[in-house]
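The block underneath contains the structure these notes are about, expressed in structure tokens.
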Amino acid sequence: MEIVILAVVIAVVVIGALGGLLIGSRRRKSLPLAPPKTPDITAPPAEPHVGEEAETPRDEERRTIEEVDLPGGSAPVVVEEPPTVEAPPIEIPEPTAGRLVRLRARLSRSQNALGKGLLTLLSREHLDDETWEEIEDTLLTADVGVQPTQELVERLRERVKVLGTRTPTELRGLLREELLTLVGTDMDRVVRTEPESTKPGIVMVVGVNGTGKTTTTGKLARVLVADGRTVVLGAADTFRAAAADQLQTWGERVGAYTVRGPEGGDPASVAFDAVKECKEMGYDVVLIDTAGRLHTKTGLMDELGKVKRVVEKHAPLDEVLLVLDATTGQNGLVQARVFAEVVDITGIVLTKLDGTAKGGIVVAVQRELGVPVKLVGLGEGADDLAPFEPEAFVDALIGD
């Protein structure tokens, strides 16, 4: 019995010891870990400074926001307006009445070779066959043409034979009469631009490249404005670069309105719209500048005929003016024939008449087409296009 009690006591002691060890172990595990030590961080070396930044910082006086004067309101935003482009001032062309007389000196400087040459030959004491041949050569050189030259020489021979003694005054009068007969004083040289109640005056300007056709159209607008007409310009020369710009510039100078289309567009469409605009605006005259076509290209001439047909859907044309370069001489007659086959030419404009002694082209082209020279260009100035006056022209030929 004592042995059993002793064994129980030993077991109790052992179990108690083991329990104490277990509790101690759990307490040690539940204790918090020590906080980690903060590592030392080494700052990077400072960058070198220059100027004021290299100085030792100084104490500066600072102001609070209450001490700072603030603007009473937001500053107004100033919006700059784009510069306005002023329209060019409208020019007032000089009157056309007597313009050719005012330009007579310019005309006579280049034409005196014909008139003075004839007077010199006719003033010889003996007018033999050789002299008359020289007179014929002078006329032919001036592009008068073969048939008109033969007619003039024949009449001069008859009158000189009857006249007998020939003073310089008599010779000048004789030559003036015969040249006037040759040029023609009974032809209607008025450019028909009178508007009617239902339509404006319609003028189409044709000619080959280089004759000054577009410039002539612009100058003609100045002539009409000087006579009190309102003008619309149709820039139907869509094949030449900047032709529409050139025509519009001419129009802006005198207040004419320009109708234009895209470059390379349909010329007939532009011409049609120009007449339409002119009717709607109530203007007096529409001038249609066509392409400077080469007379040797059939397709281009057909296009010119199309322009004429399309325009006449509005109303018949009042004028078809053919622009010829007076310096081209007999070659101008070839151009005139071809154009006359395509459109009915009603009048001729001779340009550059101041730069050639070949004034006889006036006679030749009138004979060729049976239509009068109505306008002549006598220089590069804006007002150097003048209505053709036979008397002033002949007086310029023979001089004073």
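The values are calculated or read from the model by the stated rules, or taken from the named source; none is laboratory data. Just so we're clear, the structure is a prediction, and the values are computed from it rather than from any experiment. Neighbour counts are summed over all protein chains in view; Cβ atoms, including those assigned to glycine, are modelled from backbone coordinates with ideal geometry. Side chains are part of the model used for accessible areas, which takes the heavy atoms of the whole protein and leaves out ligands, DNA and RNA. Shrake-Rupley method; radii C 1.70, N 1.55, O 1.52, S 1.80 Å.
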Please determine whether any residue of the stretch 386-399 is of a type outside the set (S, T, N, Q), at pLDDT below 85 and over 11 Å from ARG104 (Cβ atoms).
yes
Can you find, within the stretch 109-120, the residue that is farthest from the chain's Cα centre (by Cα) among those that are surrounded by fewer than 17 Cβ atoms within 10 Å (Cβ to Cβ) and at pLDDT 70 or above?
THR120
For the stretch 186-198, state whether one or more residues are in contact (Cβ under 8 Å) with a residue 40 or more places away in the chain, hydroxyl-bearing (Ser, Thr, Tyr), within 24 Å of ALA386 (Cβ to Cβ) and surrounded by 13 or more Cβ atoms within 10 Å (Cβ to Cβ).
yes
For the stretch 217-239, name all the residues that are under 13 Å from the mean Cα position of the chain (by Cα) and within 18 Å of LEU322 (Cβ to Cβ).
THR217, GLY218, GLY234, ALA236, ASP237
Go through the stretch 171-212 residue by residue and tally those that are in a helix (DSSP H, G or I) and among the basic types (Lys, Arg).
2
Subset of the stretch 121-144, residues open to solvent by less than 10 Å² (accessible area, probe 1.4 Å) and not in a helix (DSSP H, G or I), comes to ALA142, VAL144
